[in-house]
1. Filter the stretch 104-115 for residues that are loosely packed, with under 10 Cβ neighbours inside 10 Å and assigned to a helix (DSSP H, G or I) and give the result.
2. Could you please find all residues in the stretch 31-59 being more than 14 Å from the chain's Cα centre (by Cα) and of a type in the set (S, T, N, Q)?
3. What's the total number of residues in the stretch 58-115 that are among the hydroxyl-bearing types (Ser, Thr, Tyr) and out of contact with any Phe, Trp or Tyr (no Cβ under 9 Å at 6 or more places or on another chain)?
4. Being buried (at least 17 other Cβ atoms within 10 Å of the Cβ) and modelled with pLDDT of 95 or more is the filter; apply it to the stretch 22-37 and report the residue that is nearest to Glu92 (Cα to Cα).
5. Please go through the stretch 71-94 and give me each residue that is under 16 Å from Ile49 (Cα atoms) and in a helix (DSSP H, G or I), ordered by number.
Amino acid sequence: MRIGELAGQAGTTTRALRYYEAHGLVRPRRAANGYRDYDEAELRVVREIRALLATGFALDEIRPFVACLRAGNPSGDVCPDSVSVLRRKLAEVEAYIERLEAVRGQLREQLGGAR
């Protein structure tokens, strides 16, 4: 499929696909005329990238998931490197939640004293 078709099926833009390609995450074949040509595997990769970006992952953190998919796994989160990234991200999120809860507590105290 051509880049516009992939963008449409993946719910993204051609610009985003070129950006993913520039970062080595998406690998199109090139037709004789130089056009990008994508197969169904790339659609899976792009959907995985978009889902991970929506969850707050950075492009560099996404690489192990893409590699896991390219290795033929049904999901990008079943390989050891992906699991490691997931654990690291979970620790970051939990630390952030703790900081937010502390801020919330402080704000409640301040509001309680302001009445």
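1. Residues of the stretch 104-115 that are loosely packed, with under 10 Cβ neighbours inside 10 Å, as a first pass: 110-115.
Of everything in the stretch 104-115, those that are loosely packed, with under 10 Cβ neighbours inside 10 Å and assigned to a helix (DSSP H, G or I) turn out to be Gln110, Leu111, Gly112, Gly113, Ala114.
2. Asn33
3. Going residue by residue through the stretch 58-115, those that are among the hydroxyl-bearing types (Ser, Thr, Tyr) are 75, 82, 84, 96.
Now drop any that are not out of contact with any Phe, Trp or Tyr (no Cβ under 9 Å at 6 or more places or on another chain), which leaves 84, 96.
Total satisfying the criteria: 2.
4. Within the stretch 22-37, the subset buried (at least 17 other Cβ atoms within 10 Å of the Cβ) is 25-26, 28, 36.
Of the ones still in play, those that are also modelled with pLDDT of 95 or more are 25-26.
Details: Leu25: 24, Val26: 27 Å.
Result: Leu25.
5. Of everything in the stretch 71-94, those that are under 16 Å from Ile49 (Cα atoms) and in a helix (DSSP H, G or I) turn out to be Asp81, Ser82, Val83, Val85, Leu86, Lys89.
The values are calculated or read from the model by the stated rules, or taken from the named source; none is laboratory data. The shown structure was predicted, so the numbers you read here are calculated from the model rather than taken from an experiment. Note that we place each Cβ from the backbone using ideal geometry, even for glycine, and neighbour counts take in every protein chain shown.
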